[in-house]
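Asks: Sharing a structure here in structure tokens format.
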Amino acid sequence: MRHKIEIDGVEVNFSEGETILEVAQRHEKEIPTLCYDPRLEPFGGCRLCIVELEGARNPVASCTTKATLGMVVRTATDTIEAYRKTLLEMVVSENREVDVSPLRGYAAGELADLRDKYAINSTRMTGATSGTNKTDENPFILRDYELCISCYRCVRVCAEQEGDHAINVMNRGFHTQITTEFDGLLKDSACTFCGQCIQTCPTGALADKKALRAADEVADAIPDKTRTICPYCGVGCSVDILTKNEKIVGIHPAMDGPANQGALCVKGQFAYDFVQHSDRLKTPLIRGEDGELHEATWEDALDKAAEGFRQANAEHGRHSIYGIASGRAPSEAAYLMQKFIRVGFGSNYIDNCSRA
Amino acid sequence: MSNPLVDMQKPEVIFCIGTNMTECHPVAATGLKKAIARGAKLIVADPRRIGLADLSHLYLPLRVGSDTALLLGMAHVIAREGLINEDFIENRTTGFDEFFEHISQWTPEWAETITGVPAKDIETAAMWYGGANKGAIYYTLGITEHICGVENVQSLCNLALMTGNVGREGTGINPMRGQNNIQGAGDSGALPNNYPGFQAVTDPEYQAKFKAEYGRAADLEKGITKVTALELCGDSIHAMLIDGENTLLSDPDREHCEHALRSLAHLVVIDIFLTETAELADIVLPATAWGETDGVCTNTERRVQRMRAAVPPPGEAKPDWWIICQIAQRLGFKGFDFNAPKPIFNELCRVSPIYAGLDWERIDKSEYQWPVPHKEHPGTPRLHEESFVNGRGIFSNVHYRDPAETISEDFPVWLTTGRRLQSYHTRTQTGRAQGIDYLLPEESLEVNPADLERWELADGEWCKMSSARGSINIKVKATNRSPRGTVFASFSFADVPVNLLTGSGYDPITHTAELKVCPVRLEPL
Ligand code: SF4
Ligand code: SF4
Ligand code: FES
């Protein structure tokens, strides 16, 4: 009987320290949230996740309330659902738009999803918009605060996850505004352009400017995602490449990436467009009689490449040939490079680029 | 790394030396920041007042290239204060008695004369690290890119061994790797001293194994390193196959390097761009890039992970593995008839005991950290838990050595080099990513403001920087990140080829270049 609570009439297990929300999510209960990001400390700002607790006078926020032995929880009573709906209506009415491009960020569609779930008519109230946009010419982060709902997820991810404390909250109540230290540009703040704030924002108020360049192409369709590993440093962050029509349009951090748990840095987040750059080599090149490199067919280039090694081997012996493997290409390339040298020339004349 | 990345949140005391982690491994640094928020103490030893130093509780601004002296001084204090872990030393190590005697002479006062770090700070660092139940060491190229790189690493091992900070959560000796598959390249046997899986080429057992596997015996002795090979270009090395490395910009002493590559009879370069190195090639073969290639990489915590293609390559670009197979087949080599990366990786797993429990399907979810010796094995997040691979941990009686070149009347300033957050290596990639220029448009030389006047330089103006090997022009930037007498630049920009100047020496054992220390002279332009 230890470590059990009841959720909507079903008895479930919990472990020490788990919140009601976490237990409920583990048992596939859908409790709506807005200010919640599982990687951050519980905050309890939006009140959307409230549940009824038997014996408690008022409903409690499930994201901040720890499960305790014998709790009886009801997650979706009529009263609770009605309260949630009103709350969402207010939030929605304060925003310039709710149907934002999926390119804005990983969580940008959260508010729209909830609006649909609770069948809220976006145009019911047309209140003033909450925040004021900030013109910031930086190439990565759009600061579209007219969509801000003051969930503080961006401020918290920046402080808790990044430890950067680049952004903060200014004013209170309706005039609340997310800003940098001196209300200036991100570039002049402690911001490292890691992009974490745009990926946690549930409305797209902070958005991926670079990805949005492809907004026309993607329209409201969802781009395809391919899970891979960041091409830069050795931390090996998991990312999803967003593509549309064979074009890379953006990067999302993988929230379940074992090395990064959703974190990324400016390179992993934004420096992906070298891949489809016009400078890419598209055909083999062979140095001609004139001393210049000329485009060639694979057949000719590979024949020539092989011929040169055969010749060096014949003229100077097998120790005249050396191989350098890449620290960026996949392991299959490095494996074959060493095999090429060891099988082909019987030497250990192989290295990789780690010495520099 | 001996310990997994998640362990970064666990230590009581973290000792970072020669690592600019917030810039070079920012995501790893987030773990460290969480540890600090939880109350962990951070000690940072670095010649420059880097971002990490601002987070630290104790900052040790040591002179470039004096790490061994600092670490000897710390070992001295740990021993003197009785902060050693006797059980660990007794059960898991060998050579402590000689080591104990060896370090008795290297007092923190002596270390102060070499490093410039006050003896009392060296003592505090030693007391913190030695007194912690969980102390972890993190380092990067600031430790290894020296002529004494091996001694530096051995000195760090000494500290961990004498305090028993190995094989447990929140401890360990943790080098951070700089490229996304540099670990995997070594794992795969692209090393002159090891077959795949770090099986020594000098060991008769592995010699026999690979002879049977490959149908041909390789030399019984180690091959030469890349550094030596470059030195022998045109002499005894006449042909080279280089896969995706911009050797010319990333290696020290660029002029020497360019000369070396030019003197080859046959240079084949596989790359995604026409890099400065590819421009010297006889044949350039276009490879598929990240995002276009299926394959495997291994991260700094030995986690084996799948990379996946998302878009088709441009033009006729082909995967590296295909290109190598094609050349090999034309030369009649056996064992290169692959038509996909999967069987290649599976062959690597079959011949490498550390990958023996893995295959292409099993790594799909990035769950495994090697060694994974068999299919039932869960992987090894933490190394050395019960024992060391070679039995006991060995103490090394290291001595401090001066850098290959020290400052002189002609070259009175220490130059040290590294990377910056926004750019990566030689910028073949970040240089072509839109927006990065907004953050880092050009390279500049970081100089302490107080040094400007004595060298007649002005903030934002150009200067000429010369070493024994050559000179370059570079813009001056005044910043307190640089201590007096030491300047910093990164080697990322082709138009400011800092590696024209470096290259004064190499570690005699690993042949890692001393990129971190180079005496220079500065003059106004
Ligand atoms: S990009 Fe990163 S550092 Fe900058 S404000 Fe957003 S979370 Fe903070
Ligand atoms: S996102 Fe940044 S920290 Fe992560 S692997 Fe890429 S470069 Fe490294
Ligand atoms: S999600 Fe619980 S209060 Fe916002």
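Asks: So in segment B:346-382, with the set limited to residues that are within 18 Å of B:E213 (Cβ to Cβ) and among the charged types (D, E, K, R), which one is surrounded by the most Cβ atoms within 10 Å (Cβ to Cβ)?
Replies: For segment B:346-382, the residue satisfying everything is B:E347.
Asks: I'd like the full set of residues that are crowded, with 24+ Cβ neighbours inside 10 Å and either within 16 Å of ligand 1 (Cβ to nearest atom) or more than 10 Å from every other protein chain (Cβ to nearest Cβ) (or both), limited to segment A:199-229.
Replies: Correct list: A:Q199, A:T200, A:C201, A:P202, A:T203, A:G204, A:A205, A:L206, A:A207, A:D208, A:K210, A:A211.
Asks: Of all residues in segment B:47-61, which are within 20 Å of B:E123 (Cα to Cα) and crowded, with 23+ Cβ neighbours inside 10 Å?
Replies: B:P47, B:L60
Asks: For segment B:420-498, which strands (runs of 3 or more DSSP E) that fit wholly inside it have 1 or more residues that are more than 28 Å from A:L186 (Cβ to Cβ)?
Replies: B:462-467, B:470-478, B:486-490
Asks: Residues in segment A:103-120: is at least one away from ligand 2 (no atom under 16 Å from the Cβ), over 27 Å from the mean Cα position of the chain (by Cα) and not basic (K, R)?
Replies: yes
Asks: Here's a follow-up. Residues in segment A:334-356 that are within 17 Å of B:F198 (Cα to Cα) and facing chain B (nearest Cβ under 7 Å): how many?
Replies: Count: 16.
Asks: Just checking: which of the helices (runs of 4 or more DSSP H) contained wholly in segment B:76-183 hold 3 or more residues that are buried (at least 22 other Cβ atoms within 10 Å of the Cβ)?
Replies: Ranges flagged: B:108-115, B:119-131, B:141-144, B:149-163.
Asks: State which residue pairs qualify: first residue touching a residue at least 40 places away in the same chain (Cβ under 8 Å) and inside segment A:44-56, second residue surrounded by fewer than 19 Cβ atoms within 10 Å (Cβ to Cβ) and hydrophobic (A, V, I, L, M, F, W, C) in any location, beta carbons under 9 Å apart, and separation of 6 or more residues or different chains.
Replies: A:C46/A:L87; A:R47/A:L87; A:L48/A:L87
Asks: Taking segment B:33-51 only, how many residues are away from ligand 1 (no atom under 16 Å from the Cβ) and part of a helix (DSSP H, G or I)?
Replies: 2
Asks: Is there any pair with a first residue in segment A:284-310 that is assigned by TED's automatic domain parsing to the domain that holds A:F345 and a second that is loosely packed, with under 14 Cβ neighbours inside 10 Å and among the small types (G, A, S) whose Cβ atoms are under 8 Å apart and which are 6 or more apart or on different chains, and what are they?
Replies: A:H294/A:G288
Asks: Go through segment B:302-318 residue by residue and tally those that are more than 7 Å from chain A (Cβ to nearest Cβ) and either buried (at least 24 other Cβ atoms within 10 Å of the Cβ) or under 29 Å from B:S2 (Cα atoms) (or both).
Replies: Of the residues in segment B:302-318, 3 are more than 7 Å from chain A (Cβ to nearest Cβ) and either buried (at least 24 other Cβ atoms within 10 Å of the Cβ) or under 29 Å from B:S2 (Cα atoms) (or both).
Asks: Is there a residue being over 26 Å from B:W290 (Cβ atoms) and either within 9 Å of another protein chain (Cβ to nearest Cβ) or not polar (S, T, N, Q) (or both) anywhere in segment B:175-190?
Replies: The answer is no, given that none of the residues of segment B:175-190 is over 26 Å from B:W290 (Cβ atoms) and either within 9 Å of another protein chain (Cβ to nearest Cβ) or not polar (S, T, N, Q) (or both).
Conditions tested, residue by residue: (1) within 16 Å of ligand 1 (Cβ to nearest atom); (2) small (G, A, S).
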{"site": "A:L242", "(1), (2)": "no, no"}
{"site": "A:K247", "(1), (2)": "no, no"}
{"site": "A:P253", "(1), (2)": "yes, no"}
{"site": "A:G257", "(1), (2)": "no, yes"}
{"site": "A:H277", "(1), (2)": "no, no"}
{"site": "A:K282", "(1), (2)": "no, no"}
{"site": "A:H294", "(1), (2)": "no, no"}
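Asks: Moving on. Six or more apart or on different chains, Cβ under 7 Å: which pairs go from a residue in segment B:360-371 that's more than 11 Å from B:K342 (Cβ to Cβ) to one that's crowded, with 17+ Cβ neighbours inside 10 Å and among the acidic types (D, E)? Could you list them?
Replies: The qualifying pairs are B:Q369/B:E301.
Asks: Only residues that are among the β-branched types (V, I, T) and either surrounded by fewer than 19 Cβ atoms within 10 Å (Cβ to Cβ) or under 16 Å from B:R48 (Cβ atoms) (or both): list them for segment B:477-501, please.
Replies: Correct list: B:T479, B:T486, B:V487, B:V498.
Asks: Regarding A:H294, is this residue within 17 Å of B:T275 (Cα to Cα) and more than 7 Å from chain B (Cβ to nearest Cβ)?
Replies: Yes; evaluated as a whole, the condition is true for this residue.
Asks: Among the residues of segment A:1-25, count how many are over 29 Å from A:A205 (Cα atoms), touching a residue at least 12 places away in the same chain (Cβ under 8 Å) and not hydrophobic (A, V, I, L, M, F, W, C).
Replies: Final tally of qualifying residues: 9.
Asks: A further question on this structure: Which condition breaks for A:D300 when tested against (1) within 24 Å of B:R308 (Cα to Cα); (2) at pLDDT 95 or above; (3) surrounded by fewer than 24 Cβ atoms within 10 Å (Cβ to Cβ)?
Replies: (1)
Asks: If we keep just the residues of segment A:32-50 that are among the hydrophobic types (A, V, I, L, M, F, W, C) and closer than 17 Å to A:L114 by Cα, which is nearest to ligand 1 (Cβ to nearest atom)?
Replies: Per the criteria, the residue is A:C35.
Asks: What are the residues in segment B:300-356 that are touching an Asp or Glu at 6+ places or on another chain (Cβ under 9 Å) and among the β-branched types (V, I, T), if any?
Replies: If the condition is that a residue be touching an Asp or Glu at 6+ places or on another chain (Cβ under 9 Å) and among the β-branched types (V, I, T), then B:V304, B:V311, B:I323, B:I324, B:I344, B:V351, B:I354 are the ones that fit.
Asks: Where the second residue is among the β-branched types (V, I, T) and in a loop (DSSP other than H, G, I, E, B) and the first is farther than 23 Å from A:P330 by Cβ and touching a residue at least 24 places away in the same chain (Cβ under 8 Å) and lies in segment B:221-245, which pairs have Cβ atoms under 7 Å and are six or more apart or on separate chains?
Replies: Every condition considered, the pairs that remain are B:K222/B:V201; B:K222/B:T202.
The values are calculated or read from the model by the stated rules, or taken from the named source; none is laboratory data. This one's a predicted model, so the numbers in the text were calculated from it and none came from an experiment. Because the Cβ atoms are built from the backbone with ideal geometry, glycine has one as well, and the counts that use them run over all protein chains shown.
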